[in-house]
Every structure is written in structure tokens, then in C-alpha cells.
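The values are calculated or read from the model by the stated rules, or taken from the named source; none is laboratory data. On a predicted model such as this, the values are computed, not experimentally measured, just so you know. Every residue, glycine among them, receives a Cβ derived from its backbone with ideal geometry; neighbour counts consider all protein chains shown.
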Amino acid sequence: MPRIKTDLLQEGMITAVGVRNMDNMLLIPEGCPLSDRQINILCSWGIEDIEVVATAGTEEAGDPLAKLSPEAVATLTEQLKARFWHLDESNPIQMEVFKLALHRQARLRHPR
């Protein structure tokens, strides 16, 4: 079963095993098709990756920014920076949140 990074998960992917948080609380049961809401829950709990069932069409999608032109990435980055209030680019936590938001926007605006 492949392990997929949380920011690369897509709706419809199916969990291979139950996903639990650090307190062993079940977040998503085994065999559950993922919804966008559940993917957001995984991100908010800090889950880095999960095991999914390998099915046709749900292979790791790769970096959604790699599918865009450099100009489109620059435009998307600037648009997203305008939404962040005092983005501190030296703060690794803020930059990780920014990166996740950037990948999410790229997937929403330019789906496979």
C-alpha cells in the first residue's frame, strides 16, 4: 500500500488502514473514500502521510505546481501572499502553512 503525503491526497482515494492521531483517536476508518473535508481534518491534525489503496487513477499526483508555468506559479504566489497578513518568510511554520495553501490553490484552480 502506498503512503501518500497529506498535501497530495485527492478526493476519492481510499484509506488502506484506519488513520489515528497521536492520542490513538480514530480520525478516518479503514476503507473510507476521502472527502475534501476529511483531507482538511488530516492537515489540521498534523498528519503527514497516510496509507491508501492503490487504485487506477489515484497514483501519487506529484507536485501540482510542477504542472503550471513559472509565470502562473509566480502569479498564484503573489495572489496568495496578498491574503496573508505579515507573512514572515523566515518563520518555518508560516512558510509550511503558506506552501500548503499554495498547493491547495494550484489543485483547485488547475485540477488534473
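Six or more apart or on different chains, Cβ atoms under 7 Å: show the pairs whose first residue is in the stretch 8-19 and of a type outside the set (Val, Ile, Thr) and whose second is part of a helix (DSSP H, G or I).
9/39; 11/36
Give me the residue from the stretch 4-33 that is aliphatic (A, V, I, L, M) and in a strand (DSSP E or B) and, out of that set, surrounded by the most Cβ atoms within 10 Å (Cβ to Cβ).
Restricting to residues being aliphatic (A, V, I, L, M) and in a strand (DSSP E or B), the top hit is 19.
A quick yes/no check of all residues on (1) modelled with pLDDT of 90 or more; (2) of a type in the set (Phe, Trp, Tyr); (3) part of a helix (DSSP H, G or I):
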site: 65; (1), (2), (3): no, no, yes
site: 73; (1), (2), (3): no, no, yes
site: 78; (1), (2), (3): yes, no, yes
site: 84; (1), (2), (3): no, yes, no
site: 89; (1), (2), (3): no, no, no
site: 95; (1), (2), (3): no, no, yes
site: 103; (1), (2), (3): no, no, yes
site: 107; (1), (2), (3): no, no, yes
site: 111; (1), (2), (3): no, no, no
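Please work out which residue is modelled with the highest pLDDT, limiting yourself to the stretch 50-62 and to residues that are surrounded by 12 or more Cβ atoms within 10 Å (Cβ to Cβ) and closer than 16 Å to residue 104 by Cα.
Once the filter is applied, the top-ranked residue is 61.
Based on this model, can you work out whether residue 76 counts as farther than 15 Å from residue 4 by Cα, in the same structural domain as residue 7 (by TED's automatic domain parsing) and surrounded by 12 or more Cβ atoms within 10 Å (Cβ to Cβ)?
no
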